[in-house]
Amino acid sequence: MALLQDSQPDLCLLAKSGGCSVYQLRNESGEGTMTVYEVFPGATILYNDFHMAYCDSSFETRQDLLCIDYCREGRMEYAVGNDAFSYVEAGDLKVDRRLKHKGYFSLPLSHYHGISMCFDLSMIPMELARLAGDYPLDLAAIQRKFCPDVRPRVIHGAPSVDHIFQELCAVPERIKMPYFRVKILELLLYLDALELGSGTEKPYFYRSQVETIKAIRSYLAEHLDQHITLEALSRQYQIPLTTMKACFKSVYGSPVNTYMRALRMDRAALLLRKEPEASVTEIAGAVGYDSSSKFAAAFRAAKGQTPLEYRRGGGNPVLSFPDETE
């Protein structure tokens, strides 16, 4: 998800040293950082860490690019047509040419962590040939294979790809650049050999459906003290129940009830921290539990502590949805 461009709104350079640049992106929904390594001419690796609900990109290019984005955690919405969307989730690989990278990007879980490798095909062939040795690695052929048109290709659950990127998460500083070269070659060889099957793409949903699902999610978040049935939501928002359930899971990564259970526990954790005068029973009621014992059991299952233990300890569990922390 490389968003870099000198004219990018709300983007500022924080630091630059030894082939590494750190940028910050900020808007009213949160902030993010991009740590960019120029590995060799025409090849960059980016570490993307965003805690925001959306970002706007002004990125446009005339360069002949091939960019590979790996989602380590979180979720990102991307366009699959003029009026349809699908989603990148943890473990997914998105391959594209950055030809449709200008515009609005939604992060439904308000966070995204990933690693990108970007290549300028006009600059890279000589260095790539040196790295690949006797193996005839053709970057242009890889680009044609995955990106025959302007749309990105998303590979869901590709075998053996996780380790390539996970090993980039903890690289000793002194070996970073040579290690990056090794991982670039490993990824490109993997993509060159990967056979694309018919099951690599997930279903997409139309803008009207996605907007309805986001409205449903907002409504539910505003009424955590109530338990609203899926059938009632389907009728209220005039969306078929099956479509509603499938689209909600696609946008937010989990079924409605699972998502709402986690959201209730996050909201309860927030109340336990910020409203010390409120009783556990009152907080239980505020998030839809009429039994404090059932609430305590659900909270402990989600956070690993009872509500009182959490409150006494200062309250620092991992939150499911960062946008619910304030």
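The values are calculated or read from the model by the stated rules, or taken from the named source; none is laboratory data. What you are looking at is a predicted structure, and each value in this text was computed from that prediction instead of being measured. Note that each Cβ is placed from the backbone with ideal geometry, even for glycine, and that neighbours are counted across all protein chains shown. Keep in mind that these areas ignore ligands, DNA and RNA; they rest on the heavy atoms of the full protein, side chains included. Shrake-Rupley method; radii C 1.70, N 1.55, O 1.52, S 1.80 Å.
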Gained length - GLU38 relative to THR281, 0.36 nm times residue gap less alpha-carbon distance: 82.0 nm
Residue-wise HN-Hα coupling along the range 203-218, computed from phi with Karplus coefficients 6.51, -1.76, 1.60 (Hz; x: Gly, Pro): x, 10, 9, 6, 3, 4, 5, 5, 5, 5, 5, 5, 5, 4, 4, 5
LYS303 accessible area, 1.4 Å probe, all protein chains in place, Å² to nearest 10: 30
Euclidean distance between Cα centres, the range 106-131 to the range 60-83, Å: 10
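What is the mean projected area of the alpha carbon convex hull for the range 182-318, to one decimal in square nanometres? Walk me through the numbers before you get to the answer.
Values: hull surface 50.0 nm².
Spelled out: convex hull of the Cα atoms, projected over all directions, averaged, 12.5 nm².
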Principal-axis tilt of helix 241-252 within the chain, Cα atoms, nearest 10 degrees: 60
Label-to-label distance, nm, for residues given as HIS227 and ALA193 (7 Å Cα→Cβ offset): 5.2
Under 20 Å from the ARG151 label point (7 Å along Cα→beta-carbon), backbone N, the range 72-99: 76-89, 92-99
Reachable aspartates and glutamates from LYS245, criterion Cα separation under 17 angstrom, eight or more residues apart if same chain: GLU211, GLU231
Shape box of the range 29-123 [Cα atoms, principal axes, largest first, Å]: 36, 29, 24
Solvent exposure, largest accessible area first (probe 1.4 Å, DNA, RNA and ligands not counted), of MET123, MET265: MET123, MET265
Size of the chain as Cα extents on the principal axes (Å, biggest first): 68, 45, 37
Surface/4 of the Cα convex hull for the range 2-161, nm²: 9.8
Spacing of the two label points (7 Å from each Cα toward its C-beta) at LEU241 and ALA132, in nm: 5.4
Inter-label distance, nm, simple model (7 Å from Cα along the C-beta direction), THR61/ALA215: 3.7
Set of lysines with alpha-carbon distance to LYS183 below 30 Å, sequence-local pairs under 8 removed: LYS16, LYS94, LYS100, LYS102, LYS145, LYS202
Solvent-accessible area per residue, Å², over the range 161-239 with all protein chains present [probe radius 1.4 Å]: 57
Point-charge dipole on Cβ atoms (K/R +1, D/E -1) for the chain, about Cα centre, debye to 20: 440
Rounded to whole Hz, the Karplus (6.51, -1.76, 1.60) HN-Hα couplings of the range 164-177, x for glycine and proline: 4, 8, 4, 6, 7, 7, 9, 9, x, 4, 5, 10, 4, 5
